[in-house]
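The block underneath contains the structure these notes are about, expressed in structure tokens.
The values are calculated or read from the model by the stated rules, or taken from the named source; none is laboratory data. Source: prediction; values computed, not measured. Cβ sites come from the backbone with ideal geometry, for glycine too, and all protein chains shown count toward neighbours. Just so you know, the surface numbers come from the protein's heavy atoms only, side chains and all, with ligands and any DNA or RNA stripped out. Shrake-Rupley method; radii C 1.70, N 1.55, O 1.52, S 1.80 Å.
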Amino acid sequence: MFDYMIVGAGFAGSVMAERLASVHGKKVLIVEKRPHIGGNAYDHYNDDGVLVHKYGPHIFHTNSQDVFDYLSRFTEWRPYMHRVLASVDGQLMPIPINLTTLNQYFGLNLTSFDVEQFLAKLAEKREAIRTSEDVVLSKVGRELYEKFFRNYTRKQWGLDPSELDATVIARIPVRTNRDDRYFSDKYQVMPKHGYTRMFERMLDHPNIKILLNTDYHEVKDVIPYREMIFTGPVDEYFDYCYGKLPYRSLNFRHETHSQEKFQEAPVVNFPNEYPYTRCTEFKYLTGQEHPKTSVVYEYPTAEGDPYYPVPRPENAELYRKYEALAKDTPGVHFVGRLATYKYYNMDQVVAQALTLCTKIIGVRRRELLD
Ligand code: FAD
Ligand code: UDP
């Protein structure tokens, strides 16, 4: 008899398994339908020996000391500041938009003292900041919106920025200095030996058993357990009884090139050309030295594995119905990006799982992490 059946071996499922086994002495079974652990953060060495992220680039960043300290139990880190260039009008320019981007795009020589006034002239007044369009227009105006954001967003989401919550594009700041880092968080690091190695160490506990290549439907009535932790799509759990929650998917095109370096930056974004949104060269992220190099192109699509919840009011409303059902389902806990329909980064999922652990075990955060 297992105490918990945990559906999914991504961050949500793995953190739950690790804490319930280590702190609470519970016996857990993780059931994962893919042939590997790690969820979307899974990485592996490809046929040429280059470390790649199977489901697109995963860069770790957080402001949470708790999350950073917790994961540090299972991995050493490599400092890594992520940088992205956007391909606009045949030029590569830093994104998030910063002083360098503005000078390059407009052919100017502004200093950081001039930028605020310059942007104020470009910015459009908005009554309220509700949508992603409002966010950009109110900060940098229409021209930069059209060149850097509008088409990228339409490609990525199949929706106009005016149809998406403000929170989507608000992920990308606008900077008045020359800081060209993609993220501003206190901790910006990559697991030194990769994500999968980190997950292996998390799950290496005598109370944790893992069943790969198995959909939980196949075993839920056969293997006895007391409670379930569910990290898959919440609408799927309830047989889509209120209709499907929209998720955005991606097709990945992985390529390996017989050269040491492929592009000028870890990621190049293509807002306006091509059906793909961005190209990532993994060696920048992993620090691996290798005579060859591997890249991945991301092609957004409506069909396929659910990767992104789509943040907009009607979806939030539909999710609230599933959330109410979830709350009314005794013995099943829902956690993670798909099960709570939240556009969460890895660190936010870890934090969410730690919070759920404190509730289940009945301890404070400090006791959970001591
Ligand atoms: P998942 O990793 O999706 O894990 C859920 C698991 O449940 C999956 O392995 C799935 O196979 C399994 N499952 C589902 N249904 C069933 C079933 N019926 N039976 C058995 N198993 C099932 N975050 C960052 O912080 N930085 C980044 O740079 C970043 N980049 C990203 C890039 C892309 C392209 C994507 C898609 C996401 C990115 N993220 C990034 C977000 C990150 O992937 C998630 O926050 C995190 O992986 C979510 O973990 P999770 O455990 O909630 O879900
Ligand atoms: N975005 C954009 N242009 C860019 C980069 C991002 O319009 O060059 C918008 C787009 O809507 C994207 C969102 O900002 O989906 C969030 O970008 P982020 O890089 O955080 O997306 P993720 O890594 O989660 O795919």
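A compact table of results
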read-out	value
The range 98-169 - convex hull of alpha carbons, volume per residue in Å³	86 Å³
Sites residue 255 and residue 332, calculated FRET efficiency, Cβ-Cβ separation with R0 45 Å, nearest 0.05	0.65
Residues residue 185 and residue 104, FRET efficiency given R0 of 30 Å [Cβ-Cβ distance, rounded to 0.05]	0.75
Cα centre as origin, Lys/Arg/Asp/Glu Cβ charges: the chain dipole, Debye	620 debye
Simple label model, 7 Å out from Cα along Cβ direction - residue 321 to residue 301, nm	2.8 nm
Inter-label distance, nm, simple model (7 Å from Cα along the C-beta direction), residue 162/residue 73	5.0 nm
Size descriptor, Kirkwood hydrodynamic radius, that averages inverse alpha-carbon separations across the chain, Å	22.1 Å
Portion, in percent, of the accessible area of the range 98-169 that falls on carbon or sulfur, probe 1.4 Å	48 percent
Nearby lysines by direct alpha-carbon distance to residue 121 (threshold 16 angstrom, same-chain neighbours under 8 apart not counted)	139
Relative pair counts by distance (%), Cα atoms of the range 189-253, 5 Å bins	3, 10, 14, 17, 19, 17, 12, 7, 1
Only Lys, Arg (+1) and Asp, Glu (-1) charged, at Cβ; the range 249-314 dipole about Cα centre in debye	100 debye
Full-stretch length increase - residue 212, residue 170 - with 0.36 nm per residue and alpha-carbon distance subtracted	11.4 nm
Tail weight of P(r) past 23 Å, computed on alpha-carbon pairs of the range 53-191, percent	43 percent
Sum of -39500 (n - 2.57) over DSSP H runs of 4+, divided by residues of the chain (222 nm, nearest 500)	-9000 deg cm²/dmol
Net charge dipole size for the range 50-184 [Lys, Arg +1 and Asp, Glu -1 on Cβ; Debye, nearest 20]	260 debye
Pairwise centroid distance, computed over Cα atoms, of the range 139-213 with the range 37-51, Å	19 Å
Cα point-scatterer Debye curve for the range 25-93, base-10 log of I(q)/I(0) at q = 0.17, 0.20, 0.22 Å⁻¹	-0.98, -1.16, -1.21
Percent antiparallel among DSSP beta bridges (both partners in the chain, rounded to 5)	65 percent
Accessible area (Å², per residue) of the chain, counting only protein heavy atoms and a probe of 1.4 Å	46 Å²
